[in-house]
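Have a look at the structure below, then the notes.
The values are calculated or read from the model by the stated rules, or taken from the named source; none is laboratory data. Quick caveat, the model's predicted, so the values are computed rather than measured. Cβ coordinates were reconstructed from backbone atoms using ideal geometry, including for glycine residues, and neighbour counts include every protein chain displayed. Ligands, DNA and RNA are stripped out before the accessible areas are found, and what is left, the full protein with its side chains, is counted by its heavy atoms. Shrake-Rupley method; radii C 1.70, N 1.55, O 1.52, S 1.80 Å.
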Amino acid sequence: MSGSEVRGIVSDTFKRIQNRREVTKEDLLTLHFFFGSTLRKALDIYDAGMIDKRIASPSGRAIFSVGGSAAFPYIVMYHWCSCPAFSTFVRKGKPEMCKHQLAVRIADATNRVNLTTITDEELASEILEDKNSLGKSFKDRLVELEAGDEEKR
């Protein structure tokens with residue numbers, strides 16, 4: 001099965017969940033087939049209700065904040081996550097989503113998110129100030145990268 005076929009089946013599964021606003025046994029079996037043990041971890045996050053959705057105004061852009069065992073909540077989007085597993089494994093294609101992304105997709109499809117409206121400026125600030133597993137914000141890492149570039153000159 002090709003990657004595009006997998007993405008299509010998974011996408012269709014989330015569309016069905018969203019239309020019903022509930023997850024069926026068939027949905028769980030389909031997701032388990034593609035995500036294995038990652039699904040169980042995602043369902044733990046989902047069941048704990050640790051998912052906040054922030055919608056920016058006026059753009060309508062959304063990010064999710066997922067709490068859990070990390071010192072800082074992870075910033076999650078459908079196609080990106082600030083967790084170490086995303087940068088280590090998911091970007092290499094295995095699995096297709098980390099547990100945080102999977103939990104977000106399920107929670108958003110079933111409307112089980114804590115919803116907050118923020119400004120576009122607040123959204124940008126949250127993304128820039130997001131702490132990764134090392135406790136460094138994207139802004140801090142950007143400053144380090146720029147400093148490294150200047151040292152090379």
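A compact table of results
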quantity	calculated
Enumeration of residues in the stretch 1-44 that are in contact (Cβ under 8 Å) with a residue 40 or more places away in the chain, open to solvent by 60 Å² or more (accessible area, probe 1.4 Å) and more than 18 Å from the chain's Cα centre (by Cα)	ARG21, GLU22
Subset of the stretch 67-99 that is touching a Ser or Thr at 6+ places or on another chain (Cβ under 9 Å) and of a type in the set (Val, Ile, Thr) - its residue that is modelled with the lowest pLDDT	ILE75
Residue in the stretch 110-149 that is modelled with the lowest pLDDT, counting only those that are open to solvent by 80 Å² or more (accessible area, probe 1.4 Å) and either within 11 Å of ARG54 (Cβ to Cβ) or among the basic types (Lys, Arg) (or both)	LYS139
Flag for GLY49 being in contact with a helix residue (DSSP H, G or I) (Cβ under 9 Å, 6 or more places away or on another chain) and at positive phi	yes
